[in-house]
Amino acid sequence: MLKSLARKTDEWLWHKGFRASEIRLLLRCQILVSGASLLAGVACAPLWDWGLWFGVGAALSTFNFYALAKFVQGIVFLPYTRAMAAGLMFRFYGRLLLTGLVLFGLIVWLNVSVSALLAGLSTCVLSIAAWGIARGAGQKVKEA
Amino acid sequence: MRKFLMIALNTVALMSFAALAFAADGKMDAGALGLTCLAAAIGMAIAAAGCGLGQGMGLKAACEGTARNPEAGGKIMVTLILGLAFIESLAIYALVVNLILLVANPFVG
């Protein structure tokens, strides 16, 4: 079931225009992790809401990574212009503003656990780091 | 430029410590609250500006690299996206820290 879900997610990402296999792999992992943690968090919410906010943080992180990857892969093969850099910066600030509003609402109005949110937001960095370590280890094995 | 940067960073650090010292007794007075707000605003501004500049420079370098060697474009794009994601996560962390300072400060009773 997990394999089929991963394959479907991969196909959906391909249709969305993600052609680089590494980025698709990372995004797939992120989407599956955030979806699983959100589902588990909703199921366990009456007893322990930490998991739910972890899932929300992971979903926020996944959204940021998705939007960033989608924009960058569309522009990186074009010749560099100032408008391109400005577009990247404005999109970055827009996403940061959106993330800030969501985080503000969660922390101030809903009083959610900040540690859960931070752990969820770190999933993207952690999955990239894990992917890098695994890739480095794989290369060393090939060289040996 | 370097002197100005050192002065600005020292000012931010002093403001942060002053706010903590004022808030040590469990209640934050208006002055300390103002300093905390100022420190949070300056901290977020520095984080956002630094991350924005870093992303722009990374994009510029990636475009130049791809233009010089188009065959390496795929690898450059993957590395660029991952680098940008790392940079962006730093800005989000700074944002969370500033929100904690402003609205969920653990040093304020």
Next on the checklist: A:Ala144 - would you say it is more than 7 Å from every other protein chain (Cβ to nearest Cβ) and either surrounded by fewer than 17 Cβ atoms within 10 Å (Cβ to Cβ) or at pLDDT below 85 (or both)?
Outcome noted: yes
Checklist outcome for this item: Pairing a residue in segment B:85-103 that is within 9 Å of another protein chain (Cβ to nearest Cβ) with any residue that is hydroxyl-bearing (Ser, Thr, Tyr) and part of a helix (DSSP H, G or I), where Cβ atoms lie under 6 Å and the two sit 6 or more apart in sequence or on different chains, gives B:Ile92/A:Thr99
Checklist entry - Taking A:Leu121 and the conditions (1) more than 10 Å from chain B (Cβ to nearest Cβ); (2) buried (at least 22 other Cβ atoms within 10 Å of the Cβ), which numbered condition does it fall short on, given that it satisfies the others? => result (1)
Item to check | Set A:Tyr80, A:Tyr66: member being modelled with pLDDT under 85 and hydroxyl-bearing (Ser, Thr, Tyr) | outcome: A:Tyr80
Item to check | Selection within segment A:82-118 - hydrophobic (A, V, I, L, M, F, W, C) and open to solvent by 50 Å² or more (accessible area, probe 1.4 Å) | outcome: A:Ala83, A:Met89, A:Phe90, A:Leu97, A:Leu98, A:Leu101, A:Val102, A:Phe104, A:Trp109, A:Leu110, A:Leu118
Item to check | Enumeration of residues in segment B:29-42 that are open to solvent by 60 Å² or more (accessible area, probe 1.4 Å) and modelled with pLDDT under 85 | outcome: B:Asp29, B:Ala30, B:Leu33
Next on the checklist: Can you pull out every residue in segment A:70-92 that is more than 7 Å from chain B (Cβ to nearest Cβ), aromatic (Phe, Trp, Tyr) and within 30 Å of B:Val103 (Cβ to Cβ)?
Outcome noted: A:Phe90
Checklist entry - What number of residues within segment B:43-99 are more than 15 Å from A:Ile128 (Cβ to Cβ), surrounded by 19 or more Cβ atoms within 10 Å (Cβ to Cβ) and of a type in the set (A, V, I, L, M, F, W, C)? => result 13
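The values are calculated or read from the model by the stated rules, or taken from the named source; none is laboratory data. Predicted, not measured: the structure shown is a model, and the values here were computed from it. FYI the Cβ positions are ideal-geometry reconstructions off the backbone, even for glycines, and counts take in every protein chain you see. All accessible areas refer to the heavy atoms of the entire protein, side chains included, with ligands and DNA or RNA removed. Shrake-Rupley method; radii C 1.70, N 1.55, O 1.52, S 1.80 Å.
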